[in-house]
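Engineer: Have a look at the structure that comes next, please.
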Amino acid sequence: MILLGPPGAGKGTQAQRIAHRYRLPHLSTGDMFRDHIRRDTSLGRKAKPLMAHGELVPDDIVLGMVEDRIAQPDCDNGFVFDGFPRTLTQAEDLERICRQHHYGFTIVLHMVVDPGLLMRRLTGRRICKAGGHIYNVYDRPPKREGICDEDGSELIHRQDDTEGVISERLAAYERQTRPLVDYYKAQGMLSAIDAMADADAVTASIEKILDKAEAP
Ligand code: AP5
Ligand code: MG
């Protein structure tokens with residue numbers, strides 16, 4: 001399953017919930033890159049300056065990383081992609097990889113949101129250092145300031161969540177990722193989700209679509 005939508009649409013928030021409910025791995029390419037950067041790997045050193053400017057990481061790097069990840073045994077029953085694919089090349093390559101791994105079915109959830117909401121969501125976002133749990137200082141604050149409710153770890157502000165970089169990320173989405181909406185629509189794979197509703201309502205509408213898709 002693929003969650004498609006602009007920065008701040010709520011892909012990570014929903015992917016965590018859906019992955020938990022359906023017991024599937026949550027594969028966020030953004031989280032994978034941030035982990036490489038933390039570990040200072042050669043892949044992380046390539047991705048870091050691009051992410052800092054809100055640009056996409058080149059397709060060959062992303063695809064190699066994803067291909068390795070979905071070859072792991074925990075992906076045998078499927079997975080939830082968050083932030084991948086993000087270009088037409090990535091989408092076409094994903095089809096090839098899925099065919100190779102005999103993954104026959106993909107559902108693409110297009111998270112539709114008014115761009116005017118995104119700056120506030122992203123500048124207000126805080127992430128827990130240990131488990132990646134997602135908060136928002138305006139709309140979903142933790143019970144104790146700066147501390148994750150789930151695991152007590154420190155909450156951090158993502159380095160690319162500054163107004164200038166957010167604008168670049170939104171522009172990259174429009175330029176390179178939005179064409180995937182028509183691409184998946186033409187294949188009859190796209191379901192639109194109202195991502196402006198509150199997070200619980202968004203989860204409920206995603207579950208409705210997935211439960212229907214699971215039915216024989
Ligand atoms: P990535 O980490 O994927 O970032 P992104 O796409 O910019 O998306 P975000 O994580 O910012 O937003 P989200 O939709 O997950 O929203 P969230 O749930 O956190 O990518 C980062 C970078 O890595 C890219 O810029 C690129 O450089 C690189 N990269 C990654 N993948 C790549 C790829 N495939 N190809 C090339 N480069 C790649 O929610 C945001 C906030 O809103 C939170 O505070 C949350 O609490 C709040 N919120 C969520 N839902 C709601 C709701 N329904 N109502 C109110 N508030 C809500
Ligand atoms: Mg995210």
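Engineer: Can you tell me which condition Gly152 does not meet? The list is (1) at negative phi; (2) outside any helix (DSSP H, G or I), and all the others hold.
Structural biologist: (1)
Engineer: Inspect all residues belonging to region 147-159 and state whether any of them is modelled with pLDDT of 95 or more, surrounded by 19 or more Cβ atoms within 10 Å (Cβ to Cβ) and closer than 23 Å to His53 by Cβ.
Structural biologist: No; the residues of region 147-159 include none that is modelled with pLDDT of 95 or more, surrounded by 19 or more Cβ atoms within 10 Å (Cβ to Cβ) and closer than 23 Å to His53 by Cβ.
Engineer: Still on this model: Condition first: of a type in the set (Lys, Arg) and within 18 Å of Arg17 (Cβ to Cβ). Can you find one or more residues in region 96-119 that meet it?
Structural biologist: no
Engineer: Looking only at region 118-135, count how many residues are within 16 Å of the chain's Cα centre (by Cα) and within 10 Å of ligand 1 (Cβ to nearest atom).
Structural biologist: Result for region 118-135: 10.
Engineer: So, one more: Pairs, please: C-beta under 6 Å, at least 6 apart or cross-chain, first residue open to solvent by 70 Å² or more (accessible area, probe 1.4 Å) and in region 21-49, second within 16 Å of ligand 1 (Cβ to nearest atom)?
Structural biologist: Lys48/Ile37
Engineer: Let me ask something additional. Considering region 47-79 alone, what residues qualify as being in contact with a His (Cβ under 9 Å, 6 or more places away or on another chain) and within 12 Å of ligand 1 (Cβ to nearest atom)?
Structural biologist: Ala47, Lys48, Met65
Engineer: Tally up the residues in region 67-90 that are within 16 Å of ligand 2 (Cβ to nearest atom) and in a loop (DSSP other than H, G, I, E, B), please.
Structural biologist: 5
Engineer: Criterion first (under 25 Å from Glu67 (Cα atoms) and of a type in the set (S, T, N, Q)) does Thr123 satisfy it?
Structural biologist: Considered against the rule, which asks whether it is under 25 Å from Glu67 (Cα atoms) and of a type in the set (S, T, N, Q), Thr123 comes out as no.
Engineer: Which of the residues that make up region 106-133 are in contact (Cβ under 8 Å) with a residue 40 or more places away in the chain, within 23 Å of Gln72 (Cβ to Cβ), of a type in the set (A, V, I, L, M, F, W, C) and not in a strand (DSSP E or B)?
Structural biologist: Across region 106-133, the qualifying residue is only Ile107.
Engineer: Does region 38-45 include one or more residues that are of a type in the set (D, E, K, R), more than 12 Å from ligand 2 (Cβ to nearest atom) and in contact with a Ser or Thr (Cβ under 8 Å, 6 or more places away or on another chain)?
Structural biologist: no
Engineer: Conditions: (1) within 16 Å of ligand 2 (Cβ to nearest atom); (2) open to solvent by less than 40 Å² (accessible area, probe 1.4 Å). His133 meets all but one. Number of the miss?
Structural biologist: That leaves (2) as the condition not met.
The values are calculated or read from the model by the stated rules, or taken from the named source; none is laboratory data. Computed from a predicted model, the values in this text were never measured in an experiment. Note that we place each Cβ from the backbone using ideal geometry, even for glycine, and neighbour counts take in every protein chain shown. Side chains are part of the model used for accessible areas, which takes the heavy atoms of the whole protein and leaves out ligands, DNA and RNA. Shrake-Rupley method; radii C 1.70, N 1.55, O 1.52, S 1.80 Å.
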